[in-house]
1. Checking the condition among the polar types (S, T, N, Q), out of contact with any helix residue (DSSP H, G or I) (no Cβ under 7 Å at 6 or more places or on another chain) and closer than 21 Å to V85 by Cα, which residue from S41, S25, S51 passes?
2. Considering only residues of the stretch 290-339 that are among the acidic types (D, E) and either touching a strand residue (DSSP E or B) at 6+ places or on another chain (Cβ under 7 Å) or crowded, with 24+ Cβ neighbours inside 10 Å (or both), which is nearest to E207 (Cα to Cα)?
3. Any residue at all in the stretch 82-101 that's surrounded by 20 or more Cβ atoms within 10 Å (Cβ to Cβ), under 17 Å from F335 (Cα atoms) and touching a residue at least 60 places away in the same chain (Cβ under 8 Å)?
4. What number of residues within the stretch 136-179 are in a helix (DSSP H, G or I) and either surrounded by 19 or more Cβ atoms within 10 Å (Cβ to Cβ) or among the charged types (D, E, K, R) (or both)?
5. Being assigned to a strand (DSSP E or B), hydrophobic (A, V, I, L, M, F, W, C) and within 20 Å of L239 (Cβ to Cβ) is the filter here; which residues of the stretch 257-286 pass it?
6. Cβ-Cβ below 6 Å, separation at least six or inter-chain, first residue in the stretch 325-347 and without any contact (Cβ under 8 Å) to a residue 60 or more places away in the chain, second part of a loop (DSSP other than H, G, I, E, B): which pairs?
7. So L172 passes all but one of these: (1) under 27 Å from A127 (Cα atoms); (2) among the hydrophobic types (A, V, I, L, M, F, W, C); (3) in contact (Cβ under 8 Å) with a residue 40 or more places away in the chain. Which condition number does it fail?
8. Given the conditions (1) touching an Asp or Glu at 6+ places or on another chain (Cβ under 9 Å); (2) under 26 Å from P24 (Cα atoms); (3) crowded, with 19+ Cβ neighbours inside 10 Å; (4) not aliphatic (A, V, I, L, M), report the number of the one that T109 does not fulfil.
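The values are calculated or read from the model by the stated rules, or taken from the named source; none is laboratory data. Because the structure is a prediction, the values reported are computed rather than measured. Positions of Cβ are backbone-derived with ideal geometry, glycine not excepted, and every protein chain shown enters the neighbour counts.
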Amino acid sequence: MNETLILRLELRDFRNFKAIDLCPSVDGLTVIQGENGAGKSSLLEAIVYSSTLQSFRGAPREAIVRQGAAGAAVHCDVLVGKRKVEIEIEIVPGRRDRAWHNGQRVPGTRGLLEVLRTTLFTPDDLALVKGPPSGRRDFVDDVLAKSYPRLGADRAGLDRVLRHRNALLRQLGGRLDSEAATTLDIWDDRLAQIGERLAHSRAETVEALSPYAAEAFSILAAQAGGFSMRYVRSWEGTLGEALAEARREDLRRATTTVGPQRDDVEIEAGGLDARTRLSQGRQRCVALALRLSSHRLMTTITGATPVLLLDDAFSELDEGTARALVGELPEGQAFLTTAGELPPGASPKLVVRLVDGRLDE
């Protein structure tokens, strides 16, 4: 098993940091304390950015670059097994990010994910359970991309095909001649191929996650009842057949009404629908179980332990759940941000404090 460790994180003009240099603990928990707005979440955001070139807050590049600066830079030294990799990222608004490994240009996120994977916990994870299907689809796609970086291209390919197909449907305005029908057939074929492949990969991932999540939930919620996850497609039969049947409705609504962009993940705990029938406390346990299951599945598939990021993850938990979560955290490097006290049972190896975007020595 290869352990992934962040040795050093340097930021320049990233969020509210003019310049910061953090050397975390490599054999346990690093706690980052500070008041709201000090930049705690931004440090974790930079770590995630080093892996995915995306903000877990959904922020555009303009928001990531410090106000008044032309661009931002992230430097992250990572140890994967015995191999050291220096990740460098340049973020400039208005153009694509540029990334390097040990001075060699990395063309996209696949190369980054092969070096650094993360598992992120936030209080917003409750939306995985209570929110719309898109959040659950994104969760599964995130696990897929991190476990099998080459499959991340399928989600991007789906988005691209849908953009073109929906643009064509809007352009047609409900009217279809032979030339337009031929063009629509081409996009249907492409959507059917990539959609079937992505849905199959998602279903396999959900099936693999389910036992890990069930085990974690039983501990976090002290729940003896059953736990299950199921991937639910928005169509029956083949996707090609479903698209043909839905064509008239798609033309009328000027959008694609079937496909993996409409699928969901159904979750039950104790025989109850997790989205609508559980208490909020139990829903939080489900969300935590999902994150723990993703961490364990990625470790099993890749043979490398992801870096654990806990962004104020204990703030909304009762003491019993918080203590259970601390006991369930997997071994390896972890980062925890908090504006208050440490959760019960936590034993940090390093505690640092942020004040207005700088480390308080």
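1. Values: S41 fails: closer than 21 Å to V85 by Cα; S51 fails: out of contact with any helix residue (DSSP H, G or I) (no Cβ under 7 Å at 6 or more places or on another chain).
Answer to the selection: S25.
2. The extreme case among them is D311.
3. no
4. Within the stretch 136-179, the subset in a helix (DSSP H, G or I) is 136-147, 149-172, 178-179.
Imposing the further condition that a residue be either surrounded by 19 or more Cβ atoms within 10 Å (Cβ to Cβ) or among the charged types (D, E, K, R) (or both) reduces the set to 136-147, 150, 152, 154-155, 158-163, 165, 169-170, 179.
Number satisfying all stated conditions: 26.
5. Keep residues of the stretch 257-286 that are assigned to a strand (DSSP E or B), which gives 264-269, 272-273.
Narrowing the set further to residues that are hydrophobic (A, V, I, L, M, F, W, C) leaves 265, 267, 269, 272.
If the condition is that a residue be assigned to a strand (DSSP E or B), hydrophobic (A, V, I, L, M, F, W, C) and within 20 Å of L239 (Cβ to Cβ), then V265 is the only one that fits.
6. Listed pairs, sorted by first residue: V326/P343; V326/G345; V326/A346; P343/F314.
7. The number of the failed condition is (1).
8. (1)
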